[in-house]
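What follows is a set of notes on a single structure, which appears directly below.
Each reported figure results from applying straightforward, stated rules to the coordinates on display, with no laboratory input. None of these values were measured; they are calculated from a predicted model. As a convention, Cβ positions derive from the backbone with ideal geometry for all residues, glycine included, and neighbour counts pool all protein chains shown.
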């Protein structure tokens with residue numbers, strides 16, 4: 001268990017980036033990986049624009065937009081949680097993280113329904129190149145989201161005792177940065193898969 | 001006493017860079033696995049691949065199987081450092097140890113498939129293709145052993161309570177990242193061309209080279225960690241009783 005010795009005013013100029021500085025390396029590496037995903041999607045799309053456009057029509061932009069709203073709302077609650085933690089309002093931290101979890105959970109449930117509908121319609125990863133990318137990109141993103149949900153749940157559990165601990169705040173900020181990355185990646189994924197014509 | 005202990009640790013840590021060099025030479029260059037044949041290759045193409053390179057492959061894969069053991073030796077160096085860091089709870093260091101051992105097993109087994117194919121290269125082409133497929137599917141799809149090893153390590157590095165952590169935080173985060181990009185391999189059995197195939201950008205170039213870079217980075221910091229632990233143990237030595245159990249004296 002982390003020692004509580006670090007309570008108190010934080011040392012001046014000790015922190016510039018929110019969260020653990022290493023988490024930014026992870027975010028940079030992950031964003032780079034998704035950058036490669038996006039570029040190879042566009043590259044494959046150029047080879048067969050007609051097929052990609054035709055396949056895309058099976059996707060519902062409305063569901064995608066709803067997903068986007070869930071994630072944006074989730075990010076907002078996580079931001080509120082971080083600022084509540086800075087003011088040591090433990091109940092507010094717990095509540096905001098719970099609402100963030102509900103938003104992320106709503107995204108996960110709607111994605112599962114979306115996958116279910118695709119499988120029911122006989123569409124899968126082997127249908128064509130468009131669906132290969134659709135399932136890989138949304139699948140990898142879904143994995144990120146699930147990890148994010150676990151992280152938020154752990155932080156929520158720790159919030160009751162941890163608020164006021166400098167170390168908790170740093171983990172909360174790291175978790176929040178990660179959650180925003182999941183959000184950001186979806187914001188690029190959504191137009192790329194659902195809207196680009 | 002103390003010096004001897006750490007000398008062995010350091011020797012084991014050298015196995016990491018040595019593994020990397022020998023693996024690239026024997027498995028990659030002599031074994032012609034950087035880059036591999038496309039999974040879309042025909043039976044005849046795979047058969048010719050083994051007929052034309054039979055002796056080269058016999059040396060390459062035989063030596064690769066021998067030197068793959070270095071990865072296990074290296075894992076033990078990390079294991080002992082992790083044990084010091086963990087104090088009484090050894091679960092993460094054991095996950096690292098078993099993950100590293102399993103990684104060696106599957107790397108070795110996949111090499112044995114390619115070695116079998118080059119042992120009798122005149123064999124029926126369909127069987128040669130089967131062996132080639134077995135090799136690649138084994139080495140790629142057993143990725144999760146390495147993932148377990150990496151996640152155990154990064155959890156320990158990121159929760160290190162020392163004032164100045166024994167391993168840099170960025171290394172922990174990089175390790176987690178590599179551990180997770182391996183999950184893209186799940187798509188590999190479905191495709192024979194493109195970026196997700198076993199010779200494609202993600203499932204070959206990114207996955208293998210991220211792992212290679214990790215081995216090198218991890219090795220560099222294992223040496224640094226051993227030096228620090230050695231210094232701490234030496235500082236604790238004059239008080240004879242404390243040096244008996246340096247793990248308790250130095251972990252907090």
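Restricting attention to segment A:159-171, which residues are touching a helix residue (DSSP H, G or I) at 6+ places or on another chain (Cβ under 8 Å) and crowded, with 18+ Cβ neighbours inside 10 Å?
Correct list: A:159, A:162, A:163, A:168, A:169, A:171.
Residue by residue through segment A:156-178, note down the ones that are without any contact (Cβ under 8 Å) to a residue 24 or more places away in the chain and closer than 23 Å to residue A:71 by Cα.
Residues satisfying the conditions are A:157, A:158.
So residue B:36 fits all but one of (1) part of a helix (DSSP H, G or I); (2) within 21 Å of residue B:109 (Cα to Cα); what number is the exception?
Just one mismatch for residue B:36, condition (1).
With the condition kept exactly as written, say whether any residue in segment A:89-105 is on the phi < 0 side of the Ramachandran plot, within 14 Å of chain B (Cβ to nearest Cβ), surrounded by 15 or more Cβ atoms within 10 Å (Cβ to Cβ) and touching a residue at least 60 places away in the same chain (Cβ under 8 Å).
no
Residue A:47 versus (1) under 19 Å from residue A:144 (Cβ atoms); (2) more than 15 Å from the chain's Cα centre (by Cα); (3) surrounded by fewer than 17 Cβ atoms within 10 Å (Cβ to Cβ); (4) within 11 Å of chain B (Cβ to nearest Cβ): which is the lone unmet condition?
For residue A:47, the failing item is (1).
From B:184, B:191, grab the single residue that is under 30 Å from residue A:128 (Cα atoms), buried (at least 17 other Cβ atoms within 10 Å of the Cβ) and free of Cβ contacts under 8 Å to residues at least 40 places away in the same chain.
Answer to the check: B:184.
So for segment B:100-118 (the condition being over 30 Å from residue B:43 (Cα atoms) and either touching a strand residue (DSSP E or B) at 6+ places or on another chain (Cβ under 8 Å) or surrounded by 22 or more Cβ atoms within 10 Å (Cβ to Cβ) (or both)), does at least one residue qualify?
Looking through segment B:100-118, at least one residue is over 30 Å from residue B:43 (Cα atoms) and either touching a strand residue (DSSP E or B) at 6+ places or on another chain (Cβ under 8 Å) or surrounded by 22 or more Cβ atoms within 10 Å (Cβ to Cβ) (or both).
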